[in-house]
Protein chains: 4
Amino acid sequence: MEKFRFLTSGESHGKCLTAIIEGLPANMEIDIDFINSELKRRQCGYGRGGRMQIESDTVEILSGVRFGKTLGSPVTLVIKNRDFENWQKILSSNPKDINSDKAFTTYRPGHADYAGSIKYHQKDLRNILERSSARKTAIEVAVGAVAKLFLKNFGIGWSSKIIQIGNGKTEEEMHAEIDRAKEAGDTLGGKFEVRYTNLPVGLGSYVHWDRKIDGRIAQAIMSIPAVKSVSIGNHHAYKMTGSEYHDEIFCEDGKITRKTNNAGGIEGGMTNGEDIIVTGVMKPIPTLKKPLNSVDCITHEASEAHFERSDTCAVEACAVVAEGRLACVLANEILLKYGGDCMEDYKHLF
Amino acid sequence: MEKFRFLTSGESHGKCLTAIIEGLPANMEIDIDFINSELKRRQCGYGRGGRMQIESDTVEILSGVRFGKTLGSPVTLVIKNRDFENWQKILSSNPKDINSDKAFTTYRPGHADYAGSIKYHQKDLRNILERSSARKTAIEVAVGAVAKLFLKNFGIGWSSKIIQIGNGKTEEEMHAEIDRAKEAGDTLGGKFEVRYTNLPVGLGSYVHWDRKIDGRIAQAIMSIPAVKSVSIGNHHAYKMTGSEYHDEIFCEDGKITRKTNNAGGIEGGMTNGEDIIVTGVMKPIPTLKKPLNSVDCITHEASEAHFERSDTCAVEACAVVAEGRLACVLANEILLKYGGDCMEDYKHLF
Amino acid sequence: MEKFRFLTSGESHGKCLTAIIEGLPANMEIDIDFINSELKRRQCGYGRGGRMQIESDTVEILSGVRFGKTLGSPVTLVIKNRDFENWQKILSSNPKDINSDKAFTTYRPGHADYAGSIKYHQKDLRNILERSSARKTAIEVAVGAVAKLFLKNFGIGWSSKIIQIGNGKTEEEMHAEIDRAKEAGDTLGGKFEVRYTNLPVGLGSYVHWDRKIDGRIAQAIMSIPAVKSVSIGNHHAYKMTGSEYHDEIFCEDGKITRKTNNAGGIEGGMTNGEDIIVTGVMKPIPTLKKPLNSVDCITHEASEAHFERSDTCAVEACAVVAEGRLACVLANEILLKYGGDCMEDYKHLF
Amino acid sequence: MEKFRFLTSGESHGKCLTAIIEGLPANMEIDIDFINSELKRRQCGYGRGGRMQIESDTVEILSGVRFGKTLGSPVTLVIKNRDFENWQKILSSNPKDINSDKAFTTYRPGHADYAGSIKYHQKDLRNILERSSARKTAIEVAVGAVAKLFLKNFGIGWSSKIIQIGNGKTEEEMHAEIDRAKEAGDTLGGKFEVRYTNLPVGLGSYVHWDRKIDGRIAQAIMSIPAVKSVSIGNHHAYKMTGSEYHDEIFCEDGKITRKTNNAGGIEGGMTNGEDIIVTGVMKPIPTLKKPLNSVDCITHEASEAHFERSDTCAVEACAVVAEGRLACVLANEILLKYGGDCMEDYKHLF
């Protein structure tokens, strides 16, 4: 039931990250600078470490676009890993390179290492962590940027912000929390909000559970690495009464209006024309300078999970990823609702 | 990518609710009493109104089961609506009955009415509310019960509980909150928790975003009518540090163990062998005795949204629905991971 | 990637056959007499035996339709098996009835018996044959009839005919072939053609293999029980030259025209505006009066596959099923191309 | 319901063809030489023209494989187009290059040009033909080769052959037919057969139409560019009697055997353990030296469809593509039937 479908691939230190997007209408303008600016947004944020500065991700388009417009055929996006040269042997696809690196064998708590190594029968945890790394969200942001370019044609807008990190709720407090954690060799997560505006009424449907747009949004956000919670609308739904919570309906100048938006833009699994407001919670980054207790995957002896990475907090990046994921959900819903093979088919909607 | 797939149908006051489940292995025992006991659990709970007492839902199996065991062919479940006789004309499929009822035209805030009537071009809101009603969760509970019967073979267990209603956190406080709301003609939502135990390691996967089991769980729970939030594991993830949050790994008697389960049983989009703990938030029921402001869908004049229903709080039912939804996700993941056409194919796993 | 999706269920001698269709737009007229007339067409045809006369299938609508029009919610169709009373114990879902019948243990060549019994671990072949029976095509014809009702709104038409049975190509010859086979206790298959007319240009797409409409048609037809071949357009494609085969393009009065239709209405995996012409081949019915050599599924001793059924040839029924299957493919493609939630959304197309 | 899923992309003269395969188990050996040898097989065959000689396709693996084995993460395959340098401007994704080439405006009969240009609203038919070209089958062969590498572990084998070209049935006659067509500036199609051996019993299922393996095979083959017919087993099914056609079942030394295989290895939508035999018909190549009548897509004036390409017959390539497609279907069915995350999970099957 997807019209906007895509597959992504790539290991964290592999040659590149790749995405193929299938289902875009033809004659849609692809602004590569916009995609790159989204990649940049993902790399910024208070609390990011060294690697982010070194790499400046840019996308290359390998198919599906001619002279700046989509052809209707699958669009291929690639982000090259700039330091692949240093990893060429370690992540080589060639069997001859098998002894080019020492196996990494301590399970890192909070990561895919333990379950992944059992599932995929691996003794070198690099074979798990390379794909489970949040590095792959770079190409997902690129896919999300393409979805946003589609949504822009319909006048749909978006934004995101950080709501809380540790106990900090103002920018100053949040930065102080991050500084403190950094000094302690520790990490932090946080809460972020994503908002989409100017949506048509009736995306999604109540008629079958898997068509409800809130469910699809929840999957999209919860499947971002490190996200542990997704909420739509007012966070206090669990303790408000019906008369406090529900957004009464008025009519002004022949137009349906509301004075509140506790529902976060979704009623009955459908957009109701108000802003979509989604909140996500990211857990603290599980790679700590101050190592956690763990065990070795081969000997099962106690071992410390130290693996270099210098980020203290990545909630801003996470919010950018979430924006993109939501864009994909909305693009898909618009394609399902309105059909369309080329941008000309939507003229009556603009 | 679904092996356990199903469609459900049925209007709130229609002849019946129906589900077809496709993908069950053969030779699985179907205990119809268990399914009926699950239906009963859904109908109970402090705060439920009159209709629940009248109807006592029971399921009938129309296909896919012979002599108490599945055949491998699609299983059809039906729950008859006991008072259909009174609604026969009003919900008739026959064009001759078209004038059997007065149209219902006031949008009820918090319901699918507004967006639904625009999307489906309806002027009688009954055409929306009949399917958008939470009544349909009865058949979803039956489907979930079948999934649970499958999971039982693997030693998987489940439970759920209510965590908070209004500001009440103990049973006594919660009942008092409900009593107060009832008296005021108002409604309440709440927070519930669902837990699954004894799961195999490695259900779901980090390799592609749509295979992450946390994302699939989030969709399953968020698409339950009135649910506005889903969380996995410790609710305080957003304010804990990495060293506080992450579940360290130990080895005792050759077995991997943890002393905490903040991750709620899921790391890297996979089960890690610890209990899955999912929390959901249900908004207050939007059908109030004390009517909300609204407008008429035809005249757009102010009107009050009064529509009879006597529930004050349905969080307990919601938790039962959520248990069943999670069972469906887990059953599907087990079928994807282990394959299998009949129960005999899983013998090595028991 | 399906918008018109459905599940069917039911055993050959079970209580009923059921289908749930999800994805129909609202406000579409459902003419139940038309559906029943399609069921009747499936039951007729020269060469059908006794059972067909006894049963006269009729459909009941359990959900999704009010006052003769769809609601947008899932539509449930049921065809009751008229002689279920006689089978109640034999096909009971109740474990208590387990000894109500003798197991059927001889594999019938040409049927699902052998592979099915191994796959689903069954020793009573009735557990296979009840679902593998072509009886289930009755409900598929009902689903196809609903799809046809949708297509009618777009002015799309359809027809089918039998091309060859045995060596007979005229009606007289074909009947003679059937008479001869019947006398000999033998069976026959044949070739049929289905045609759809007045289709929009551009259903399907060349951009990805799984969006090609010819591939989807091929699956739909080949998955009809007993169909072994599907062709689109001129049967002699393999021996014609390019200059003979390809349908040249002309323009008359500003309209694109063709003088031939060897392509059968599909170029590049898309409808090209000409009639879709699909040919299918049905193998002879595998249930013969003159029994075939086989073995017992338990003892593996030689045994004769005799199982009563009195049809000699069912190609006419098969063509009706194929018409319906094609209707489902086309309805789905129209929903994907044009989107739409209710019939009003297509007004500009009529 | 797919576990082996993939997307492909790339224009005929674009930078490259790309595929992402998601769903492969970990620890499967990837023999890149085998993939390249398959690409070579596709490029050979009597009747191929000049381009085939110039390009010698080779694959590069960008992700999902380390030290010669799969990681379980998505595998990315790329085939670079060797003459892209000459096309860099013409197929540029950059809007600045828009005037680098003259539009191509004559619809080519037998191609996607006409329907595609209407569907995707294009006036330069290059925007259609670049993706609709059969060039994209190169990457599909690479994907199929990966599927074959998976199947090899189960002892499954394959082969294909050409059965008829024009009226020629021996190799000599077929070459003579091709020579004649080439001289005349004409083209030819033909009939080919693909065979898979040593399959497990019970891939696919009769329980729901979309799980029947014959239907899935039919889609896979019919969606190959230029294929117009797919058959399974004996071609004469339409004129044989039941007693002639059906493959009787015997038991020799405790093993089920057959003396015939008219069913082509499939009964009841499942593999029955006999060889799968699939026949396909390819229409003649629609790009002729001797131009066909057509019209201009802008002026609608008569025009001749001349577009250079020098192949006379490509049935051998088509058979290689079909082999690969079938491999994908079978790999998916094995993954559905047996589950499995890594090759170690299949040990009991070898």
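Just so it is clear, none of the values below were taken in a lab; they were calculated from the coordinates. Keep in mind that this is a model prediction, so the values were computed, not measured. We place every Cβ from the backbone using ideal geometry, glycine too, and count neighbours over all the protein chains shown.
What order, most packed first, do the peptides C:230-238, D:288-296 have when packing is the mean number of other Cβ atoms within 10 Å of each residue?
Details: C:230-238: 23.3, D:288-296: 18.6.
Packing order, densest peptide first, comes out as C:230-238, D:288-296.
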Compactness of region C:55-191 as Cα Rg over 2.2 N^0.38 Å, two decimals: 1.42
Value of D in µm² per second that Stokes-Einstein yields for region B:172-297, Kirkwood Rh from Cα pairs, at 10 °C (1.306 mPa s): 92
Signed unit charges on C-beta, dipole axis of region C:213-259, positive-most listed residue C:I232, C:A218, C:Y245: C:A218
About the Cα centre, charge dipole magnitude for region B:1-146 (Lys/Arg +1, Asp/Glu -1 at Cβ), debye: 320
Helix axis angle, C:315-338 relative to chain C longest principal axis, alpha carbon, degrees: 50
FRET efficiency estimate (nearest 0.05) - Cβ-Cβ, D:K347 to D:E244, R0 45 angstrom: 0.60
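Give, as a single signed number, the net charge of other residues whose beta carbon lies under 15 Å from the beta carbon of A:D296, with Lys and Arg counted +1 and Asp and Glu -1.
Charge balance in the 15 Å sphere: -1.
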Of B:V320, B:A331, B:A302, farthest towards positive along the dipole that unit charges on Lys, Arg, Asp, Glu beta carbons give region B:284-332: B:A331
Positive-end extreme of charge dipole, region A:5-349 - chosen from A:A184, A:G264, A:L349 (charges on Cβ): A:A184
Highest to lowest packing among B:333-340, B:20-27, scored as the average C-beta count within 10 Å: B:20-27, B:333-340
Karplus (6.51, -1.76, 1.60) ³J(HN,Hα), θ = phi - 60°, over region B:119-134, in Hz, Gly and Pro reported as x: 4, 9, 6, 10, 10, 9, 5, 4, 5, 9, 5, 5, 8, 6, 4, 6
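Using Cα pairs closer than 8 Å and at least 6 residues apart in sequence, work out the relative contact order for chain A, in percent.
The value is 24 percent.
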Placed amide H near B:C16: partners under 5 Å, 5+ positions off or other chain: B:E11, B:N81
Span from the region B:318-349 Cα centroid across to the region A:1-78 one, whole angstrom: 36
Student exercise, region B:90-225 dipole from Lys, Arg, Asp, Glu Cβ charges, in Debye to nearest 20: 540
Between helix A:137-152 and chain A: long-axis angle, C-alpha atoms, 0 to 90°, nearest 10: 10
For D:132-140, mean number of other protein chain Cβ atoms within 10 Å: 2
Chain C: translational diffusion in µm²/s, Stokes-Einstein, Kirkwood Rh over Cα pairs, 25 °C, 0.890 mPa s: 112
Region C:175-188 - phi-based ³J(HN,Hα) in whole Hz, Karplus 6.51/-1.76/1.60, Gly and Pro as x: 5, 4, 4, 5, 4, 4, 4, 4, 4, 7, x, 10, 9, 9
Shielding by other protein chains, A:156-168, mean Cβ within 10 Å: 1
Charge dipole (debye, nearest 20) of chain C; +1 at Cβ of Lys and Arg, -1 at Cβ of Asp and Glu: 560
For A:G340, residues with placed amide H under 5 Å, excluding near neighbours: C:Y338, C:G339
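With respect to the cross-link table entries A:K337/B:K123; D:K80/D:K212; A:K119/B:K255, which display a Cα-Cα separation exceeding 25 Å?
Long pairs (Cα-Cα over 25 Å): D:K80/D:K212.
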Average beta-carbon neighbours from other chains, 10 Å sphere, peptide A:90-97: 6
Distance histogram in 5 Å bins (all Cα pairs of region B:248-299, percent per bin): 4, 13, 15, 13, 8, 6, 5, 6, 8, 8, 5, 4, 3, 1, 0
Charge context of D:M343, other residues only, Cβ under 12 angstrom, K/R +1, D/E -1: -1
Chain A - mean residue ellipticity at 222 nm from DSSP helices (-39,500 (n - 2.57) per run, n ≥ 4, rounded to 500): -8500 deg cm²/dmol
Cross-link pairs C:K161/C:K283; A:K152/D:K102; A:K3/C:K148 - those with Cα-Cα distance over 19 Å: A:K152/D:K102; A:K3/C:K148
Equivalent ellipsoid semi-axes, the protein assembly as shown, via Cα gyration tensor eigenvalues times 5, rooted, Å: 46, 39, 33
Per-residue ³J(HN,Hα) for region A:75-87, Karplus 6.51 cos²θ - 1.76 cosθ + 1.60, θ = phi - 60°, Hz, x for Gly and Pro: 9, 10, 10, 10, 10, 6, 7, 5, 9, 4, 3, 6, 10
Convex hull per residue volume in Å³, alpha carbons only, for region A:1-123: 181
